[in-house]
Amino acid sequence: MSSDETPNVPTTRNSREAVREKAQQVHAQQSRARLMRRIIIGAVAVVAIGAIGTAVTMAVSAQVSKPQLTPGGMDEDGIRITDISAVASSEETLETPAPTPSEAGSSETPTPEPTATGSSVDIHVYVDYLSPDAGEFERANARLLANWITEGAATVTYHPVALLTASSNGTKYSLRAAAAAACVATHSPEQFYAFNHDLLDDQPEVNTDGFSDVELADIAGAVGVDHVKSVRSCIEDQDFLNWAKDATSRALEGPLVGSEDLVLTSAPMIVINGVAYVGALDDPAELSQFVFTVANDAYYAEETQTPTPTPTPAP
């Protein structure tokens, strides 16, 4: 058989070169694949870092751009009541005359009026809208305080504070309610007393969610606030949340308005001419007697401090 008929069988050298070339091709493909993976991972990382940076920048910018708002119509973190407006849900409560001594549970000691000294009494009431004691005090003494305000016998200033912020399942109801009260004081001060009374008269229970911001705005609308849109926006946007925190801190640090060394220890805390009320919260007669006593003490203190004029000798 002729050698021309022998099939072309690659030599060993040619076979090695073919394998080497194939290996080089595979290595090049793997290198390109690794490079592409690195590029993709790097791009994803850059995008992620950029997104995080943008989110942080936006959050910081939002905090910086939103000013620390201060309520209007308030003095030393409180709003003084000078006029009693009708309350939508409790109109009868405030328009009924103050209880007589027998109705208040005392038939022996007459219930005095602060006007006995001839001057008005300065009363400051610190309220947490989730505090059951604050609600009890308001329901028991609303008529009495309203009468004193109407007659000019006393000035009453309410100070919204937030001591029970952690007692509403994480919704911070005390803080939000105090901020909502500041919204009403700012945009519709004539209706603050009505709003304040309704929040205390119909309270949510401790350790419940409390009213939402929308519900707080609805309550404000129900008492007939002016500038309804401004009040609703203020409450739902929580414009005065930081103020409520700071006002509570100031009260806890003291001294409370009109006093020398009192600090906030509970809610409600009632300060009368700089003296903390220590009587029963649900007894108008006891409150009235305490007010009368404090007012008398202040009156006679002023009398003793006033120098007696020296008579001019007759010629």
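Laboratory data are not the source of any read-out in this text; all were calculated from the coordinates shown. The structure presented is a predicted model; accordingly, all values stated were derived computationally and were not measured. Cβ coordinates were reconstructed from backbone atoms using ideal geometry, including for glycine residues, and neighbour counts include every protein chain displayed.
Structure notes:
- Of all residues in region 264-289, those that are within 23 Å of S167 (Cβ to Cβ) have Cβ atoms under 9 Å from Cβ atoms of residues that are in a loop (DSSP other than H, G, I, E, B) and among the charged types (D, E, K, R), 6 or more apart or on another chain, in S266/D128; A267/D128; P268/D128.
- Condition check for S249: closer than 25 Å to R139 by Cβ and either more than 15 Å from the chain's Cα centre (by Cα) or surrounded by fewer than 23 Cβ atoms within 10 Å (Cβ to Cβ) (or both): no
- Among the residues making up region 191-220, those that are over 21 Å from P132 (Cβ atoms) and surrounded by fewer than 15 Cβ atoms within 10 Å (Cβ to Cβ) are V214, D218.
- Single residue of D239, D282 found to be closer than 21 Å to P189 by Cβ and out of contact with any strand residue (DSSP E or B) (no Cβ under 8 Å at 6 or more places or on another chain): D239
- Close contacts from region 233-253, counting a first residue that is closer than 16 Å to G78 by Cβ and a second that is β-branched (V, I, T), with Cβ to Cβ under 7 Å and a gap of 6+ residues or different chains, come to W243/T70; A247/V161; T248/V161; A251/V161; L252/V263; E253/V263.
- Flag for D283 being among the acidic types (D, E), within 19 Å of A154 (Cα to Cα) and surrounded by fewer than 20 Cβ atoms within 10 Å (Cβ to Cβ): yes
- Where T171 falls short, out of the listed (1) touching a helix residue (DSSP H, G or I) at 6+ places or on another chain (Cβ under 8 Å); (2) assigned to a loop (DSSP other than H, G, I, E, B); (3) among the hydroxyl-bearing types (S, T, Y): (1)
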